[in-house]
Amino acid sequence: MKARKSWAEPFKIKMVELIKMTTPKHRLKAIKEAGYNTFLLKSEDVYIDLLTDSGTSAMSDRQWAGMMLGDEAYAGSRNFYNLEKSVQDIYGYKYLVPTHQGRGAEHIISQILIKKGDILPGNMYFTTTRLHQELAGGTFVDVIVDEAHDPKSEFPFKGNIDLQKLEDVIKKHGAEKIPYVCMATTVNMAGGQPISMENLKALRKLTNKYNIRIIHDMTRVAENAYFIKEREKGYANRSIASLVKEICSYTDGATMSAKKDALVNIGGFLALNEWDLFEEARNMVVIYEGLHTYGGLAGRDMEAMAIGIRESVDYDHMHARIGQVLYLGDKLVEAGVPIVHPIGSHGVFLDASAILSHIKQDNYPAQTLAAELYINSGVRSMERGIVSAGRDKKTGKNYYPKLELVRLTIPRRVYTQAHMDVVAESVTDVYENRKKIKGLKMVYEPKYLRFFQARFEP
Ligand SMILES: *Cc1c(COP(=O)(O)O)cnc(C)c1O
């Protein structure tokens, strides 16, 4: 494999946060107390925290300076208008409804657009997105390309929608049953895989034919744009900013978790182009989040987001961000560890069903692997397999996802190359001793989004 070129960061470090080094004995006790669920570990007991890239990024000095400019007025905060301007300038959407994070926006758009019995096609489910669709009476249908379910396939755009599958769904249920297609950039649950511009354009054409909206889960749209620039013919000379704007232009509205791309610790929004929908959303946000000019956020949070959105579309930033992810992925490939290919934008996904092939899916191979990795080195990762997939709301039966993964998610601008070396060493060590590892059983299962709070025993 040829080594990739340097991806050195376009920043230097001004402040550091000290972290605790722990012993294997300490970690064994900690994971036991956490019910073998990395979500239930205390952050203090973690050395390198790759649980998620959500809200864990380091803000820039400019964002921190922006925090001091917080206008904490109840109504009409200046920071709201700055955020609105960023959303209009960078993404091109007309109307902004701020929310406390992405799921706040998902809740509102689902309640407004989904009726009981509706069908929601999408490029693979996301946990909170699907749940809000179901709570509103809808049923999610996966229309992602088959390659997305194959961790070995090197297909460069595994986030693509299979337009034939989508058209079959439309014909089967009727366009009037489909309030919108949910299109994510990049697809988190497939391993951070992008959708191509070509596919998106064709999706727009098809949905126009049937008069169906596209709602954009734009959580990692700038990361998706980077992959289009790198991989798709005809886009190499385009800026990330122009690609981001073009992607958004093919959609009718968006839900955003600003805790990812937009480099803030908290925040999100719903963005819309239709005045009627905006009016309704603005009305609903008052019930669930807060007034329409703050939506559950402090003025300072909106200011940091307004600045973070602009920083997120800088090429050098994105090159270093994804470069670091690829660096870790390449190291694991070199060591022979089975991972999802191609390496995604926000993390490296370990193929737990291949690594722990002697453990049945009912004994949670990915959950087990995440716990073992923590015990080995204090690296915290996350299960993305049968525990995350949950149960069918009608039959109560477990979903059996084809992918049983452990996600090593890289926060933006937080860890160094040496940290990535530690992670690679630890994963390799666990991999080499995999035959000794035994599975888990679930001893406590919460009703909703069980992966967050479920407990296990060996
Ligand atoms: C994180 C995320 C969400 C939900 O956003 P929150 O800010 O966590 O509420 C929705 N979709 C995708 C793809 C995400 O990664």
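The values are calculated or read from the model by the stated rules, or taken from the named source; none is laboratory data. All figures in this text were calculated on a predicted structure; none of them were measured in a lab. We place every Cβ from the backbone using ideal geometry, glycine too, and count neighbours over all the protein chains shown.
Quick notes on this one:
- Pairs where the first residue, in segment 234-260, is β-branched (Val, Ile, Thr) and assigned to a loop (DSSP other than H, G, I, E, B) and the second is within 16 Å of the ligand (Cβ to nearest atom) and modelled with pLDDT of 95 or more, C-beta under 6 Å, 6+ apart: Thr251/Ile214; Thr251/His216
- Condition check for Glu154: closer than 22 Å to Leu272 by Cβ, among the acidic types (Asp, Glu) and either within 16 Å of the ligand (Cβ to nearest atom) or surrounded by fewer than 22 Cβ atoms within 10 Å (Cβ to Cβ) (or both): no
- Boolean, Pro98 is crowded, with 18+ Cβ neighbours inside 10 Å and part of a loop (DSSP other than H, G, I, E, B): no
So that you can scan it fast, the table gives a plain yes or no per residue for (1) part of a helix (DSSP H, G or I); (2) closer than 27 Å to Thr186 by Cβ; (3) more than 23 Å from the chain's Cα centre (by Cα); (4) within 16 Å of the ligand (Cβ to nearest atom):
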position: Ile31; (1), (2), (3), (4): yes, no, yes, no
position: Gly35; (1), (2), (3), (4): no, no, yes, no
position: Gly55; (1), (2), (3), (4): no, yes, no, yes
position: Gln63; (1), (2), (3), (4): yes, yes, no, no
position: Gly66; (1), (2), (3), (4): yes, yes, yes, no
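- Selection within segment 288-331 - of a type in the set (A, V, I, L, M) and more than 18 Å from Trp7 (Cα to Cα): Leu291, Leu297, Ala298, Met302, Ala304, Met305, Ala306, Ile307, Ile309
- Elements of type helices (runs of 4 or more DSSP H) contained in segment 119-232, each with 1 or more residues being under 24 Å from Leu350 (Cα atoms) and either free of Cβ contacts under 8 Å to residues at least 60 places away in the same chain or in contact with a strand residue (DSSP E or B) (Cβ under 9 Å, 6 or more places away or on another chain) (or both): 127-135, 221-231
- Matching residues, segment 424-458, being more than 22 Å from Thr128 (Cα to Cα) and assigned to a helix (DSSP H, G or I): Ala424, Glu425, Ser426, Val427, Thr428, Asp429, Val430, Tyr431, Glu432, Arg434, Lys435, Lys436
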